[in-house]
Amino acid sequence: MKHFFVLIYLFIMLFSSCQLNAQKKDNYFIKIDSLIKTKNPRDFNGVVFIQQNGREKYAKAFGYADFIKKTPLKIDDKFSTMSIAKQITATLILQEVEKGTIDLHAPIRKYLPDFKYSWADTVTVHHLLNNTSGLYSENIDKPLKFKPGTTFSYSNIGYYVAGLVLEKQSGKTFQELVTALFKKCKMSNSSYPTETSSKLMVKGHTIGKDGSSRLNEHSDFGPDNYFGSHLIVTAPDLAKWNECLHNGKLLKPATYKMMTNYVITDTHQVFSKNPIGYGYGLRINDKEGIMEIGHTGFHPSEGFIAVNLYYPKTQTSVIVMENVGNENFDIAYYFEQEIRKIILKSNLVK
């Protein structure tokens, strides 16, 4: 009996030691909790969701869905994707490429013969998807900035044009395509924006450069914006999206490789001070030893900011969604950047 208790004691000590070592090695949980309490340079108001191999690793909501009503945020609250929508549109287009209905390198005049813009003769879907079209971000009527394919210039309008090609060649509306895609990925709490679904979103809030706060009762986004700037999702559903997209459930391996390869680079403050790749609706960071695929979303006037990151080696999703958009761009992505730094130093991605 004495030996039995000794064995039990040794087992408890060994188990405790393992737990302690694991906590020391992987303390991202505590670090994120501590970071979120920070008030300088700004407050955090949103959700943080981390998933690995389909298992939830961190899921917390902080702050309010509505500042006036003081409605607490929940982890499954609905947010705007903002530009994270671009990878969804890109995926739908690539599915049409697999069917043979869209040629990535054909001028879009082939698909939109009545388009009034002369640049339709030289701009291709490939240029639209990787932001090398030369189109301005918000104005379709201006002449191209540069010869298509020669450099990077972020364009929301480019994704609107790509969306027109998608609807024309698929014979379906973007709403039909998004609804089916979300159903396939079991994203049951996400949707195409409609009058009904939009009412279920959390309220967006804008923080001015002078520190003032404004609640945005209604979104100014319309259907033309949905292709590249606005769908409705929850953070857990975005993790399901990552699982679908990056694990062969939506695209053939060769097509997925086209999406995640790149021929152009660009800088973004969340990812790196140095240029990283831009594929089709995705930023590809293969420069720092840990493969990282993701995208940001930022629209201060709508009152939302987000980042969706995926680390293929460990099948880890890191999603941060805030319903506060800060007009001071220097601090707008503060928490997204800091959470990313914590994750990169943890054992989650190594």
task: Confirm whether A120 is outside any loop (DSSP other than H, G, I, E, B), closer than 30 Å to G149 by Cβ, without any contact (Cβ under 8 Å) to a residue 40 or more places away in the chain and not hydroxyl-bearing (S, T, Y).
output: yes
- prompt: G211: in a loop (DSSP other than H, G, I, E, B) and at pLDDT 95 or above, yes or no?
  reply: no
statement: Picking from K350, K287, K341, the residue that is surrounded by fewer than 24 Cβ atoms within 10 Å (Cβ to Cβ) and either touching a residue at least 40 places away in the same chain (Cβ under 8 Å) or in a strand (DSSP E or B) (or both) would be K350
query: Which residue, of T179, T206, is surrounded by 11 or more Cβ atoms within 10 Å (Cβ to Cβ), touching a residue at least 12 places away in the same chain (Cβ under 8 Å) and part of a helix (DSSP H, G or I)?
result: T179
Yes/no for I84 being aliphatic (A, V, I, L, M), within 18 Å of N189 (Cβ to Cβ) and modelled with pLDDT of 95 or more: yes
- prompt: Taking the stated definitions as given, is A239 surrounded by 14 or more Cβ atoms within 10 Å (Cβ to Cβ), in a helix (DSSP H, G or I), of a type in the set (G, A, S) and at negative phi?
  reply: yes
- prompt: Can you tell me how many residues in the stretch 314-338 are within 16 Å of the chain's Cα centre (by Cα), in a loop (DSSP other than H, G, I, E, B) and surrounded by fewer than 21 Cβ atoms within 10 Å (Cβ to Cβ)?
  reply: 1
query: Exactly one of (1) at pLDDT below 95; (2) at positive phi is unmet by N27. Its number?
result: (2)
field: Selected residue [in a loop (DSSP other than H, G, I, E, B) and either in contact (Cβ under 8 Å) with a residue 60 or more places away in the chain or within 29 Å of W241 (Cα to Cα) (or both)] from P41, P113
entry: P41
- request: Taking only the stretch 146-179 into account, find how many residues are out of contact with any helix residue (DSSP H, G or I) (no Cβ under 9 Å at 6 or more places or on another chain) and among the basic types (K, R).
  value: 2
message: Quick check on Y160: is it under 19 Å from T81 (Cβ atoms), in contact with a strand residue (DSSP E or B) (Cβ under 8 Å, 6 or more places away or on another chain), in contact (Cβ under 8 Å) with a residue 12 or more places away in the chain and not aliphatic (A, V, I, L, M)?
response: no
Residues of the stretch 73-110 satisfying the condition of being assigned to a loop (DSSP other than H, G, I, E, B) and surrounded by fewer than 20 Cβ atoms within 10 Å (Cβ to Cβ): K74, I75, D76, G100, T101, D103, L104, H105, A106
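So that you can scan it fast, the table gives a plain yes or no per residue for (1) among the charged types (D, E, K, R); (2) within 19 Å of R340 (Cβ to Cβ); (3) under 16 Å from the mean Cα position of the chain (by Cα):
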{"site": "T267", "(1), (2), (3)": "no, yes, no"}
{"site": "H299", "(1), (2), (3)": "no, no, yes"}
{"site": "F304", "(1), (2), (3)": "no, yes, yes"}
{"site": "P312", "(1), (2), (3)": "no, yes, yes"}
- prompt: Looking at the stretch 209-236, which of the residues that are free of Cβ contacts under 8 Å to residues at least 60 places away in the same chain and either more than 24 Å from I331 (Cβ to Cβ) or among the acidic types (D, E) (or both) is surrounded by the most Cβ atoms within 10 Å (Cβ to Cβ)?
  reply: P223
message: Condition first: free of Cβ contacts under 8 Å to residues at least 60 places away in the same chain and either β-branched (V, I, T) or under 28 Å from D77 (Cα atoms) (or both). Now tell me which residues in the stretch 237-257 satisfy that.
response: D237, K240, G248
message: If I ask for residues that are in contact (Cβ under 8 Å) with a residue 24 or more places away in the chain and assigned to a strand (DSSP E or B), which ones from the stretch 258-271 would you list?
response: T265, D266, H268
- request: Tally the residues that are surrounded by fewer than 18 Cβ atoms within 10 Å (Cβ to Cβ) and among the aliphatic types (A, V, I, L, M), restricting the search to the stretch 121-163.
  value: 2
message: Of the conditions (1) in a loop (DSSP other than H, G, I, E, B); (2) under 22 Å from G297 (Cα atoms); (3) within 18 Å of the chain's Cα centre (by Cα), Y160 satisfies every one except a single condition; which number is it?
response: (1)
field: Complete set of residues in the stretch 261-286 that are closer than 19 Å to H105 by Cα, out of contact with any strand residue (DSSP E or B) (no Cβ under 6 Å at 6 or more places or on another chain) and not hydrophobic (A, V, I, L, M, F, W, C)
entry: N261, G279, Y280, G281
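The values are calculated or read from the model by the stated rules, or taken from the named source; none is laboratory data. Since we're looking at a predicted model, the values are computed, not measured. FYI the Cβ positions are ideal-geometry reconstructions off the backbone, even for glycines, and counts take in every protein chain you see.
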